[in-house]
Amino acid sequence: RVHGEYISKNIQLYSMRNGYELSPHAIANFTRRNMADFLRSRTPYQVNCVLGGVDKSSSRPAVYYLDYLGCLSQQPFAVQGYGSNFLYGLLDRHHRADITKEEALQLLNMCMKELKIRFAIS
Amino acid sequence: MSRRYDSRTTMFSPEGRLYQVEYAMEAIGNAGTCLGILASDGIVLACEKRITNKLLDEIFETEKLYRLSADMVCSVAGITSDANILVNELRHIAQRYQLQYQEPMPCEQLVSQLCDIKQTYTQFGGKRPFGVSLLYAGWDPHYGLQLYQSDPSGNFSGWKATCIGANNAQAMSTLESEFKEGITLEDAVPLAIKIMHKIMDQNKLTAEKLELATVTRSDDKTKMTIIPREKLEKLISEREKLAAAEKQK
C-alpha cells in the first residue's frame, strides 16, 4: 500500500509541476524502475501489480503485468496471484484482439465466477 | 557603481543587482552569435564560428551545435569550456529521464532542470556562474516544435525567434521586423542567412564561419540536419546578390 501511495503521489507531483500528465507507458516504466532499484536494497518492495491505463492523446488502452522482481510486460490481459493458474487459460480461450468493452466485462465476470468455484474465495 | 559588491557571486549589490551574473552576460556578448528561428515546419539554428584557423584538425563535426537527445539539439554562445560541462549535464539529464520513464524527455523540462542547476551558482557555493547562453531546439508530443533560450542567471523562456552572442540586439531588432507568423523553413533559412550576413562584418560571412542546422520532424522521428558547406556557400552567394541589388536601388 505504501508503495502504491508513493507512486501515485509522484505521478500527481509530475502533473502539478508540468501541467500535463504522465502517459500510462511512462507510469508503468517509472513504477518498474522504482521496484527494480529497491530490489537490491535492504528494503525491497514485495508487491505484484497489474497496471492499466488509457493514453490521453492517442486514446490507446494498455494493460501491464508488473511483478515484485521488476518484470514489466505489456499484455492484452494480465493476472497476478494464485488465481492466475486458472484464469490465464480462461482468458486465452475467450479474449480476442478486437474484444468490445461489454464482452470484456462479461469475461471478467466469467473469471470471478471461475475463482469462486475453483478457488473458494468469498 | 558599487564595485565592492561585485567580487562575490552570491552577494547582491545595494542596487539589487548580481554583478557576477551580469559580467557573465558581458562575456557572452563578445562571443560568436547564435540565431534561432521557429518555423511552422522546423527550426533553424545558425551559428557564427569563431575558431577558423586552418591548422585546426577537425575532430568534432560541429563547434557550436550539439545533439542533446533524440529530440533536442542546442547551440551555445560563450565560454566553450563552460559550455561543454553544461552540454554534458544536459545529455545526462535527458538520458536519466529516458531511463526512468522509457520515453523521451519533454523539451521544457530539460531546459528547466538545467536552469535550476545554473541558478544555484548564482545563489550558493561561492563559485562563478557559467559564462554560456544556450539556444535549445526540439520537439515533444505535448507542444510540438519549440525554441528556448537560457542565460547565466538561470532564466529561460520560449521564443519564436531569438539571438544570443555578439550583435544580438541588432539581430533581434531585424527579427522583430522581418519575422512573420507561420513562416516556413524554406523562408526561415534564407532569413537566418540574411541576418547573419547583416550582423557579421559584411565582407566576412563565409561558409567556413557559419554553422547552420535545421530541426524537422518526419516519420515520427526528429531529424537534425547540418547544412553542408556547398549548400551554405550557395545560400550565402544568393544573399550577397540580393544585398547588392538592394544597395543599387
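Laboratory data are not the source of any read-out in this text; all were calculated from the coordinates shown. Fair warning: this is a prediction, and the values are worked out from it, not measured in the lab. Here the Cβ is made from the backbone with ideal geometry for all residues, glycine too, and neighbour counts use every protein chain on show.
The table below lists the values:
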read-out	value
Three-way shape label, chain A, alpha-carbon gyration tensor, a/c 1.5	oblate
Helix-only CD estimate at 222 nm, as mean residue ellipticity for chain B, using -39500 (n - 2.57) per DSSP H run (n ≥ 4)	-12500 deg cm²/dmol
Normalised contact order of segment A:13-122, rounded percent, pairs of Cα under 8 Å and 6 or more residues apart	17 percent
Sequence ranges A:44-57, A:96-109, ranked by mean other-Cβ count within 10 angstrom, highest first	A:44-57, A:96-109
Gained length - B:S157 relative to B:T80, 0.36 nm times residue gap less alpha-carbon distance	25.5 nm
Nitroxide proxy distance, nm - points 7 Å out along Cα→Cβ at B:R217 and B:A245	3.5 nm
Helical mean residue ellipticity (222 nm; -39500 (n - 2.57) per DSSP H run of 4+; nearest 500) of chain A	-17000 deg cm²/dmol
Ranked B:W159, B:W139, criterion: other C-beta atoms within 10 Å, fewest first	B:W159, B:W139
B:Y23-B:S173 FRET efficiency (beta carbon distance; Förster radius 30 Å; 0.05 resolution)	0.80
Cα-Cα over 31 Å, subset of B:K160/B:K198; B:K54/B:K247; B:K64/B:K241; B:K160/B:K223; B:K118/B:K180	B:K54/B:K247; B:K118/B:K180
Inter-label distance, nm, simple model (7 Å from Cα along the C-beta direction), A:T100/A:F38	4.2 nm
Over chain B, relative contact order from alpha-carbon pairs under 8 Å, at least 6 apart, %	26 percent
Ranked B:L90, B:L55, criterion: other C-beta atoms within 10 Å, fewest first	B:L55, B:L90
Whole-Å distance, taken between Cα centres, linking segment A:90-110 and segment B:91-127	44 Å
Axial C-alpha extent at least 18 Å, average Kyte-Doolittle at least -0.5 - helices from chain A (DSSP)	A:24-39, A:101-119
Least to most buried among B:Y66, A:Y82, B:Y101 (fewest other Cβ within 10 Å first)	A:Y82, B:Y101, B:Y66
Added length on full extension, which subtracts the Cα-Cα distance from 0.36 nm per residue, A:N109 to A:S58	15.5 nm
Gyration tensor (alpha-carbon) shape descriptor, chain B, a/c threshold 1.5	oblate
Tensor-based shape of segment B:1-137 (alpha-carbon gyration tensor, a/c under 1.5 rounded, otherwise prolate or oblate)	oblate
B:K54-B:K198 pseudo-label distance in nm [points 7 Å out on the Cα-to-Cβ vector]	3.3 nm
